[in-house]
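Below is one structure, written out as structure tokens, with a few remarks after it.
No value in this document is a laboratory result; all are computed from the given coordinates. Just so you know, these numbers come straight off a predicted model, no measurement behind them. Glycine also receives a Cβ, built like all others from the backbone with ideal geometry; neighbour counts cover every protein chain displayed.
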């Protein structure tokens, strides 16, 4: 317990120095949004193509989620590492000391790691949650019920993300939620009509 | 026997960690009774701080370690007081 408390306090200190929370919050919303919209694309495409096998939707969706997760992890880690190294170098030029082994250097490294984790997990988990009904499609019976439920969960997730942004900006939570749902509906509409048209 | 009672240091440090944080960290050191940090110049990335530590048994190496771990660089030691009493700077005719 003492160990955990110490670690949490240390993380709080690093957060104060490197502003990890603010950046992680941005990455979380941006990438969870990406994750949900991508999975909406996969679902709408499969629906328009009349894919009636849950395992096909699951494997396509999972592979997409994993790819998004890895993309987030890799992309954010190296981007953050590069940006933070540049910031640290600039600070070192001012103080004329090596800061890599100080609290600032450590905070900078922790920030890169935490932000990458958030960036990777946000799209992966948000996509996975939207796919959940397909794992129970045998119990649900009709495969199309899984589609509707999945799309419903995806839209609900988008609403949740919008509401979160509304809370962050201290504005109307409902309005922000609906703005995000709008993107999901547009994606479903365009995907369905274009996919349906393509499929004849 | 270490009997340093007061040190006044001129330190260049980044804005973060803040002087509140640094003052707390220094005051937690053994042998230190009080800490005062004041900023006298602010730059875009760094700030100049006058750090005064007072106690009965100040260990300079430990003070230096905390300052450096928080990204600070000691530019000069402007005052050092040692002994059984704290003796302030004495005005002379030349002053």
When you scan segment A:86-98, do you find a residue that is at positive phi and touching a strand residue (DSSP E or B) at 6+ places or on another chain (Cβ under 7 Å), even just one?
yes
Here, helices (runs of 4 or more DSSP H) confined to segment A:82-173 with at least 3 residues that are farther than 30 Å from residue A:53 by Cα are A:103-135, A:143-168
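Does residue A:71 meet the test of being over 22 Å from the mean Cα position of the chain (by Cα) and either away from chain B (no Cβ under 14 Å) or over 25 Å from residue A:132 (Cα atoms) (or both)? So that I can check it myself, show each step before the final result.
Working: over 22 Å from the mean Cα position of the chain (by Cα): no; either away from chain B (no Cβ under 14 Å) or over 25 Å from residue A:132 (Cα atoms) (or both): yes.
Taking the combined requirement at face value, the residue does not satisfy it.
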Residue A:50 fails exactly one of (1) within 30 Å of residue A:158 (Cα to Cα); (2) assigned to a loop (DSSP other than H, G, I, E, B); (3) in contact with a helix residue (DSSP H, G or I) (Cβ under 9 Å, 6 or more places away or on another chain), namely (3)
If we ask which residues in segment A:110-125 are surrounded by fewer than 18 Cβ atoms within 10 Å (Cβ to Cβ) and without any contact (Cβ under 8 Å) to a residue 40 or more places away in the chain, their number turns out to be 1
The condition from (1) exposed (fewer than 13 other Cβ atoms within 10 Å of the Cβ); (2) over 22 Å from residue A:88 (Cβ atoms); (3) more than 9 Å from the chain's Cα centre (by Cα) that residue B:32 misses is numbered (1)
Just checking, does segment A:141-161 include any residue being in contact with a strand residue (DSSP E or B) (Cβ under 6 Å, 6 or more places away or on another chain), closer than 30 Å to residue A:7 by Cβ and surrounded by fewer than 21 Cβ atoms within 10 Å (Cβ to Cβ)?
no
Within segment A:84-100, does at least one residue satisfy the condition of being within 30 Å of residue A:61 (Cα to Cα), surrounded by 14 or more Cβ atoms within 10 Å (Cβ to Cβ), more than 10 Å from chain B (Cβ to nearest Cβ) and in contact (Cβ under 8 Å) with a residue 40 or more places away in the chain? no
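When you look at residue A:66, is it more than 18 Å from residue A:135 (Cβ to Cβ), in a helix (DSSP H, G or I) and either within 15 Å of the chain's Cα centre (by Cα) or in contact (Cβ under 8 Å) with a residue 24 or more places away in the chain (or both), yes or no?
In short, no.
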